[in-house]
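Written below as structure tokens is the structure these notes are about.
The values are calculated or read from the model by the stated rules, or taken from the named source; none is laboratory data. It should be emphasised that the depicted structure is a prediction, and the values quoted were computed from it without experimental measurement. Positions of Cβ are generated from backbone atoms using ideal geometry, with glycine treated the same way; all protein chains shown enter the neighbour counts.
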Amino acid sequence: MGEKNCLSKVAMHITQGCLVVPIHGELYDEVVLQIQNDVLKKITETGIKGVIIDLSGVDVIDSFIGQAISDTARMASMLGATTLLTGFKPEVVVSLIDLGIELKDVQTAITLEEGFRQLQSIVAPDEMEEMAEETADSDNETFEDEEEPDEDSEVEQEEELQDER
């Protein structure tokens with residue numbers, strides 16, 4: 001029983017505007033339900049818009065655990081956060097499919113880095129909008145200080161070069 005209790009504390013942290021929930025080791029029903037409660041509590045406390053549940057440390061998943069993770073993502077969505085699952089090992093994917101667990105409306109990514117990229121526009125829309133505006137502004141800028149190339153001077157330069165030869 002002590003082993004289950006020590007696993008129930010997952011070191012969640014906020015990075016790049018996302019709540020990151022790394023899950024490692026064997027999962028027990030009570031642990032997954034505690035993680036679910038902790039994630040939902042953190043979303044309501046912080047107003048975070050992106051949640052990444054990293055399953056790269058999970059080797060085995062059963063139907064209860066798979067359904068609880070799917071439910072957590074849907075619950076987070078109801079609280080205004082997008083949840084993305086990362087780090088699936090092939091054997092975990094096979095288990096989820098064999099168990100008939102559908103991750104409807106849940107985004108996935110192979111790596112944590114890819115997960116951050118996918119959520120970037122959600123967690124930092126203002127930054128993305130500013131970057132788009134800056135790009136548009138720089139594309140539309142006119143450079144009045146720059147002189148347009150004078151075709152006559154180019155021709156004169158070519159003639160001078162030919163004369164020197």
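What pairs come out if I take residues in segment 80-96 that are within 10 Å of residue 58 (Cβ to Cβ) and pair them with residues that are not hydrophobic (A, V, I, L, M, F, W, C) whose C-beta lies under 6 Å away, six or more apart or interchain?
Every condition considered, the pairs that remain are 87/54; 87/56.
When you check residue 63 against the structure, is it surrounded by fewer than 18 Cβ atoms within 10 Å (Cβ to Cβ) and more than 13 Å from the chain's Cα centre (by Cα), yes or no? Talk me through it step by step, then tell me what you get.
Working: surrounded by fewer than 18 Cβ atoms within 10 Å (Cβ to Cβ): yes; more than 13 Å from the chain's Cα centre (by Cα): yes.
Here the answer is yes, as residue 63 does meet what is asked.
Report yes if residue 155 is modelled with pLDDT under 95 and in contact with a strand residue (DSSP E or B) (Cβ under 9 Å, 6 or more places away or on another chain), otherwise no. Please lay out each step first, then the result.
On the way: modelled with pLDDT under 95: yes; in contact with a strand residue (DSSP E or B) (Cβ under 9 Å, 6 or more places away or on another chain): no.
No, not satisfied.
Of everything in segment 71-126, what is in contact with a Gly (Cβ under 6 Å, 6 or more places away or on another chain), β-branched (Val, Ile, Thr) and more than 14 Å from residue 55 (Cα to Cα)? Give them in sequence order.
82, 101, 122, 123, listed by residue number.
Check whether at least one residue in segment 109-129 is modelled with pLDDT of 95 or more and either under 19 Å from residue 26 (Cβ atoms) or assigned to a strand (DSSP E or B) (or both), and report yes or no.
Yes, segment 109-129 contains a residue that is modelled with pLDDT of 95 or more and either under 19 Å from residue 26 (Cβ atoms) or assigned to a strand (DSSP E or B) (or both).
Looking at segment 26-43, which of its residues are loosely packed, with under 13 Cβ neighbours inside 10 Å and over 16 Å from residue 64 (Cα atoms)?
Within segment 26-43, just 41 meets the criteria.
Report whether or not residue 72 is surrounded by fewer than 13 Cβ atoms within 10 Å (Cβ to Cβ) and among the hydroxyl-bearing types (Ser, Thr, Tyr).
Numbers: surrounded by fewer than 13 Cβ atoms within 10 Å (Cβ to Cβ): no; among the hydroxyl-bearing types (Ser, Thr, Tyr): yes.
The answer is no for residue 72.
Looking at the structure I just gave you, is residue 51 surrounded by 19 or more Cβ atoms within 10 Å (Cβ to Cβ), closer than 23 Å to residue 111 by Cβ, in contact with a Lys or Arg (Cβ under 9 Å, 6 or more places away or on another chain) and at pLDDT 95 or above?
On the way: surrounded by 19 or more Cβ atoms within 10 Å (Cβ to Cβ): yes; closer than 23 Å to residue 111 by Cβ: yes; in contact with a Lys or Arg (Cβ under 9 Å, 6 or more places away or on another chain): yes; at pLDDT 95 or above: yes.
So residue 51 fits the description; yes.
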